[in-house]
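Asker: Submitted below is the structure of interest, expressed as structure tokens.
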Amino acid sequence: MKSIRDVYKIGKGPSSSHTIGPERAAKLFLQRYPDAERYRVTLYGSLCKTGRGHGTDRVLLEVLGKERTEIVFCDYSAEQLPHPNTMDFFAYQGEEQIGFLRVLSIGGGDIVVDGEPQSEAEETYPENSFAEIQQFCAWRYISLSEYVELNEGPEIWDFLAEIWRAMKRSVAVGLHTEGVLPGGLNVMRKARHLFMQEKEHELPQVRELRIVCAYAFAVSEENAGNGTIVTAPTCGSAGVLPAVLLYMQERHDIPDEKVLQALAVAGLFGSLVKRNASISGAECGCQAEIGTACSMAAAALCTLMDKSIAETEYAAEVAMEHQLGLTCDPICGLVQIPCIERNAVAAKRAMDAFNLSSFLCGSRNISFDMVVRTMKETGQHINASYRETSEGGLAKLYNRRMT
């Protein structure tokens, strides 16, 4: 299994698979063919159907050059694509094609060059399932965060410290920014409004809901506004984890060192989903993005509050189980409706899963590995219209109402 560094990436929104991934692919192609006179990029699948709303064409033109680059949106559904986020790069000298590359944007900003082998050296963890990890930790009498350090090395804490600083910045900036998000839906930023709505005699549980949701809105709105966020595990689900971690840190006066341990464990669960299923909305629907983020946040909360490995697995499993079947249907291809609210709802659901783990851990029947496998199979059976194409669900009904 790969490093948790692949789960956390600092970058600009609004989509890890539609902006960060294509940007990395374009830079790779430019590096291989820097002297080409012109380029053409053909976008297929979800990249074709929601690329404009996600800003895919914008980032490609920024990297390759507006004057010498043509972007082609190719809705060629008859072709059996290797991945729903597939793009072809062409380089030309005059009329002669001098270069070609097919790249798959597999989610979380990661890319794979079709036909090129992946290096085994990239593997960081010998274990590839939670059952294997749990068995190893029991054998060595170590915690999950210690397991991460054992495999990643002590330098992982410096990396996670940078990630935590970036997460907190995205919350802070989002809370202090108002106005309308770009894209034409006229969606108002709501994070600051939520944060400032304290009322006299506010119940503790109401305040918790308001603050956690405000933090999740802040990050998600920064993402939708092309601001800088941290994938956790994707741009579209970036608000869930920082919302619950920052709220709990402030409420319980938890030191950063403990938060970094929570981030390590959250990253471990995110890596397991990437390894054994998918974090791509185009591949498995929003359950792959928000569901994984919810599991990561629930596991992180268990680490913050010193829960056992069994309780941590239970919380992560419950969090994922109750996101199964969640579709990805962004209106107009923008990461705004319903994406922003989903981050807030998932943040609260992660807290509920964490609380349940304290009471019901011993009675569970479903393992985390099983629910991840279920998520993958569910995603494969979801109609393509509900996998980040904006052709079904809210996206379809909203367009009908507006025309």
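The values are calculated or read from the model by the stated rules, or taken from the named source; none is laboratory data. The model shown is predicted, which means the values in this text are computed figures rather than measured ones. Quick reminder, even Gly has a Cβ in these numbers, built from the backbone with ideal geometry, and neighbours come from all protein chains shown. Remember, those area values only see protein heavy atoms, side chains included, never the ligands or the DNA or RNA. Shrake-Rupley method; radii C 1.70, N 1.55, O 1.52, S 1.80 Å.
Asker: Quick check: at a probe of 1.4 Å, how many percent of the accessible area of segment 21-110 sits on carbon and sulfur atoms?
Answerer: Heavy-atom surface of segment 21-110 belonging to carbon and sulfur, 1.4 Å probe: 45 percent.
Asker: A further question follows. With all protein chains present, how much of the accessible area of segment 113-154 (probe radius 1.4 Å) comes from carbon and sulfur, to the nearest whole percent?
Answerer: Working: 1300 of 2570 Å².
Heavy-atom surface of segment 113-154 belonging to carbon and sulfur, 1.4 Å probe: 50 percent.
Asker: What is the ratio of the Cα radius of gyration of segment 186-287 to 2.2 N^0.38 Å, where N is its residue count, to two decimals?
Answerer: 1.20
Asker: Here is a follow-up. For segment 239-293, with every protein chain kept in place, what is the accessible area per residue (1.4 Å probe, Å²)? Numbers along the way, then the final one.
Answerer: Working: 1320 Å² over 55 residues.
For segment 239-293, the per-residue accessible area is 24 Å².
Asker: Distance cut-off 20 Å, Cα to Cα: go down the list 12/168; 168/190; 190/348; 190/274; 307/348 and report the pairs above it.
Answerer: From the list (12/168; 168/190; 190/348; 190/274; 307/348), the Cα-Cα distance tops 20 Å for 190/274.
Asker: With only alpha-carbon atoms counted, please give the Rg and Dmax of segment 1-118, in Å.
Answerer: Using the Cα atoms of segment 1-118, the pair Rg, Dmax is 13.7, 44 Å.
Asker: Per DSSP H run of at least 4 residues, take -39500 (n - 2.57); add these up for the chain, divide by its residues and hand me the 222 nm value, nearest 500 deg cm²/dmol.
Answerer: -16500 deg cm²/dmol
Asker: Can you work out the Karplus-derived ³J(HN,Hα) for every residue in segment 279-285? Use 6.51 cos²θ - 1.76 cosθ + 1.60 with θ = phi - 60°, whole Hz, and x for glycine or proline.
Answerer: Each residue of segment 279-285 in turn: 10, 9, x, 6, 9, 10, x Hz.
Asker: So for segment 149-239, averaging the separation of alpha carbon pairs under 8 Å that are six or more residues apart and normalising by length, what relative contact order in percent results?
Answerer: That works out to 28 percent.
Asker: So, one more: With N set to the residue count of the chain, report its C-alpha Rg divided by 2.2 N^0.38 Å to two decimal places.
Answerer: Numbers: Rg = 20.8 Å, N = 403, 2.2 N^0.38 = 21.5 Å.
Compared with the compact-globule rule of thumb, the chain sits at 0.97.
Asker: What is the pair-distance distribution P(r) of segment 113-161, computed from all Cα-Cα distances in 5 Å bins starting at 0, with each bin given as a whole percent?
Answerer: 4, 17, 23, 19, 17, 10, 7, 3, 0
Asker: Separate question: How many angstrom separate the Cα center of segment 208-264 from the Cα center of segment 79-112?
Answerer: 33
Asker: Sorting check: for 355-364, 6-15, which peptide has the highest mean count of neighbouring beta carbons within 10 Å, and how do the rest follow? Show your work: numbers first, answer last.
Answerer: Numbers: 355-364: 14.4, 6-15: 24.8.
Highest mean packing first, the order is 6-15, 355-364.
Asker: Roughly what percent of Cα-Cα pairs across segment 302-372 reach past 18 Å?
Answerer: Pairs farther apart than 18 Å: 45 percent.
Asker: Over the Cα atoms of segment 100-194, Rg to Rh with Kirkwood Rh, two decimal places?
Answerer: Numbers: Rg = 20.3 Å, Rh = 18.0 Å.
Across segment 100-194, the Cα-based Rg/Rh ratio is 1.13.
Asker: Which values of log₁₀ I(q)/I(0), to two decimal places, follow from the Debye formula for segment 246-394 at q = 0.14, 0.17, 0.18 Å⁻¹ with a uniform point scatterer at every Cα?
Answerer: -0.64, -0.90, -0.98
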